[in-house]
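The values are calculated or read from the model by the stated rules, or taken from the named source; none is laboratory data. These figures come from a predicted structure and were not determined experimentally. Cβ atoms come from the backbone with ideal geometry, glycine included; neighbour counts cover every protein chain shown. The area values use the complete protein model at the heavy-atom level, side chains included, leaving out ligands, DNA and RNA. Shrake-Rupley method; radii C 1.70, N 1.55, O 1.52, S 1.80 Å.
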Amino acid sequence: MPEVSIIIPTYNSAAFIMDAVASVRRAVDGLSHEIILVDDLSPDVHILRAVTARVPHLRIIEKAAKGNAAESRNLGIAASTGDYIFLLDSDDAFLPEHIARRVALHVRSGCGILFGRYRARNAYRTFDVRLPLYQGDMHQYLFCLDGDVRSSTISLCRSRYRGTTFDGLQAKHQDWGFALRAARNGETLGFDDGYGAVIDSSVNGGRMSNV
C-alpha cells in the first residue's frame, strides 16, 4: 500500500497537467505513492492519456458522465489506497517539501484533516497569502476572520479521517463547503502554517475561482 495518494481532478487539463504532476513527483521523492487523475469527461482525454502515459504510479479514472470537481475528488478519495491523501487542482502545484512536512504534521497533531497557507500566482506575480491561524471554529474562521480553505492545501490521514465528502451539488466554494461540513461532522481539523501549494490563476482562466 502506498504511503501517499494524490488526487487531481481534470477537465480539459492536458495542456498543463504535466506541470502539476511534475510538482507532485518532486514532492513525493523517497515516498511510495500513487497519483490518481479523475477526468470529468474531457474532450481532450485522449491527449491526457498520451501525455501522462509514461508517468510511474499514475492512473486515470474516466468518469462515465459529466459532473464537477467535487464529484471527482470524492471518486478519487474513494479509489485511493494511501495512508495519507492529498488533493491538488490540475492548474496548481505543490512545493517540493510540502508532502513530507505535511505527513509529519499529521503524525504530530493527530489530525484527520489538515489545510493551510498557500502561495498565489497570477499573470503578474507570485506572493504568500498570510492566512490567520485556525483556532477551531470554522464558521468564524471563514466568515469573520478572513480565513480561507483551498482544496490544493487539504490533506487527509486515512486512519483518523471520518469520511466527510465534497458536495457535488455545490457550484462554487466547494472547499469551504467541505471544511464547514467537516467541522460539523466532528473531524479533527488542523492548520499548517507553512506554505505547501501554489494556487495558480494564470494557467486556466476558466477555473471557478476566477469567475
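Below are the figures for this structure:
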read-out: Residue ranges of strands (runs of 3 or more DSSP E) in the stretch 1-85 with at least 3 members under 15 Å from the mean Cα position of the chain (by Cα), among the hydrophobic types (A, V, I, L, M, F, W, C) and modelled with pLDDT of 95 or more; value: 4-10, 33-39
read-out: Index of the failed condition, Phe166 passing every other in (1) touching a Phe, Trp or Tyr at 6+ places or on another chain (Cβ under 6 Å); (2) open to solvent by 40 Å² or more (accessible area, probe 1.4 Å); value: (2)
read-out: Matching residues in the stretch 124-155 - criterion: being over 14 Å from Gly177 (Cα atoms), in contact with an Asp or Glu (Cβ under 7 Å, 6 or more places away or on another chain) and in a loop (DSSP other than H, G, I, E, B); value: Leu131, Pro132, Leu133
read-out: Selection from the stretch 186-197 of residues that are surrounded by fewer than 21 Cβ atoms within 10 Å (Cβ to Cβ) and acidic (Asp, Glu); value: Asp193
read-out: Those residues of the stretch 23-62 which are under 22 Å from Gly82 (Cα atoms), of a type in the set (D, E, K, R) and out of contact with any helix residue (DSSP H, G or I) (no Cβ under 7 Å at 6 or more places or on another chain), in sequence order; value: Arg25, Arg26, Asp29, Glu34, Arg54, Arg59
read-out: Those residues of the stretch 26-44 which are surrounded by fewer than 23 Cβ atoms within 10 Å (Cβ to Cβ) and closer than 17 Å to Ala64 by Cα, in sequence order; value: Asp40, Leu41, Ser42, Pro43, Asp44
read-out: Those residues of the stretch 71-101 which are in contact with a helix residue (DSSP H, G or I) (Cβ under 8 Å, 6 or more places away or on another chain), crowded, with 21+ Cβ neighbours inside 10 Å and not charged (D, E, K, R), in sequence order; value: Tyr84, Ile85, Phe86, Leu87, Leu88, Ser90, Ala93, Phe94, His98, Ile99
read-out: Matching residues in the stretch 1-25 - criterion: being open to solvent by 50 Å² or more (accessible area, probe 1.4 Å) and farther than 15 Å from Val103 by Cβ; value: Tyr11, Asn12, Ala15, Met18, Asp19, Arg25
read-out: Residue match in the stretch 150-159 (condition: farther than 22 Å from Ala70 by Cβ and open to solvent by 50 Å² or more (accessible area, probe 1.4 Å)); value: yes
read-out: Single residue of the stretch 102-147 satisfying the filter (among the aromatic types (Phe, Trp, Tyr) and touching a residue at least 12 places away in the same chain (Cβ under 8 Å)) that is surrounded by the most Cβ atoms within 10 Å (Cβ to Cβ); value: Phe115
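For (1) modelled with pLDDT of 95 or more; (2) more than 18 Å from Phe94 (Cα to Cα); (3) surrounded by 14 or more Cβ atoms within 10 Å (Cβ to Cβ), each residue gets a yes or a no:
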| site | (1), (2), (3) |
| --- | --- |
| Gly177 | yes, yes, yes |
| Leu180 | yes, yes, yes |
| Arg184 | yes, yes, no |
| Ile199 | yes, no, yes |
| Met208 | no, yes, no |
